[in-house]
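Following: one structure in C-alpha cells, then a few remarks.
Read the figures in this text as sums done on the coordinates, not as results from a lab. Because the structure is a prediction, the values reported are computed rather than measured. Cβ: placed from backbone, ideal geometry, glycine included. Neighbour counts: every protein chain shown.
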Amino acid sequence: MNVLEILKVLERSNCGECRKPSCMAFATAVLQGQSRLEDCPRLDAETLAELQKSLGERPAAADWNGADALGELRARFGGVDLAARAERLDGFMQDGRLAFHCLGKLFALDQGGGLHSDCHQNPWLHVPLLAYVLDSAGRRPAGDWARFAELKPARPWERFFAHRCEAPLLELAGSDPDLMLDILDLFASRRDIAGFEADQTFLLLPLPKVPFLFAYHRPEEGLPANMSVYLERSAEVNLDPESLFRLGSGMAQMFARIAARHGQATAVPAR
C-alpha cells in the first residue's frame, strides 16, 4: 500500500486523536512503522482488519530508531573475541578495539559494544556494525549485484528501504543531480563499475564486506533522472535485512543533510 491508499479509508477530519497533526501525517507514519492503525479511534473494526491484511508484516514501531536492537546486540557483544573477528571481516585491532573503515572514516567498537570515532558519530551505523561483527559470514563480494527487494531475506523491510533510501535519493538526483553526484563521489571507494547501463556508478562501503552500488541515469527525452541502488548478493549472509535497511536509510539521510547544508551555504548573500 501507499500513503494515499491508507488516507482514502480514513475520515480525513484531521481530528488529532491519533496524536498526529493530520490524517495525511498519520497515514505516512503508519506506512513508515511509526504509528499503528489502531491509533486511529475512528476506524471501524472491519476496515481496520482489511487495512492490516493489506499492509502485511511491518517492523515494530517501537524499534524504528534501533534502540531495542542496540540494547540486544550490546548484551550479546561482551563475549566476542574481537581479534578473531578482525581479519575475517576486513577489520583490525587498534588500542584494544576492533576498528573498521566505513565510508572512508575510521570507526571502532570496544569490548562492550560501544562505538568510537574521531569524526562525527553516525547513530544509524551502530546497530549494523554490531550485527556485522556478531553474525556476518564474512563472505567476500563477487560482483553479483541485486536490488534490495531481490535479496532472499529482504521482507518485510523492502517497502521501507524503497521509501526511506531509494525515494530520497531519487528526489535529490532529480532536483540537483550535480550535487547528488558530488556527494556520492565524496564517499565512493570506486567509480564507473563495469556491467551497468548507467551514466555514472559509485561503489560505497558503509561496512567493509557490505558494498552499496549507486547507478545514476541522467534525464533524457522527457524522462527524469533516475538513481538505482544495488547490493551485492553476499549481503544475504553478511548482514541481516534490518541492518541493511538502516545502512541504506542512514546514508540517504546523511546525503540529504549534506545537501541541505550546501543549499543553505550557497543561499547566504554576499556582503
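Kindly state, to the nearest 0.05, the FRET efficiency for D178 paired with F92, given R0 = 35 Å and r defined as their beta-carbon distance.
Efficiency, rounded to the nearest 0.05: 0.45.
May I ask you to order 157-165, 20-28, 205-213 by the average number of other C-beta atoms within 10 Å around their residues, highest value first?
Output ranking for 157-165, 20-28, 205-213: 205-213, 157-165, 20-28.
Using Cβ counts within 10 Å as a stand-in for footprinting exposure, how do E232, E150 rank, fewest first?
E150, E232
Have a look at R19, R218, R85 and tell me which one the Gaussian network model of the chain (Cα, springs below 10 Å) gives the largest fluctuation.
R19
Can you bin the stretch 145-267 into rounded, prolate or oblate? Criterion: square roots of the alpha carbon gyration tensor eigenvalues sorted a ≥ b ≥ c, rounded for a/c under 1.5, prolate for a/b above b/c, oblate for the rest.
Note, shape of the stretch 145-267 comes out prolate.
State whether the stretch 67-135 is rounded, prolate or oblate according to the following rule on the C-alpha gyration tensor (a ≥ b ≥ c being the square roots of its eigenvalues): a/c under 1.5 gives rounded; otherwise a/b larger than b/c gives prolate, and the remaining case gives oblate.
oblate
So how much slack lies between D39 and D68, counting 0.36 nm per residue of separation and subtracting their Cα-Cα distance, in nm?
Taking 0.36 nm per residue and subtracting the Cα distance, the gain is 8.3 nm.
Given R₀ = 41 Å, FRET efficiency for L106-E171 by Cβ-Cβ distance, to 0.05?
0.85
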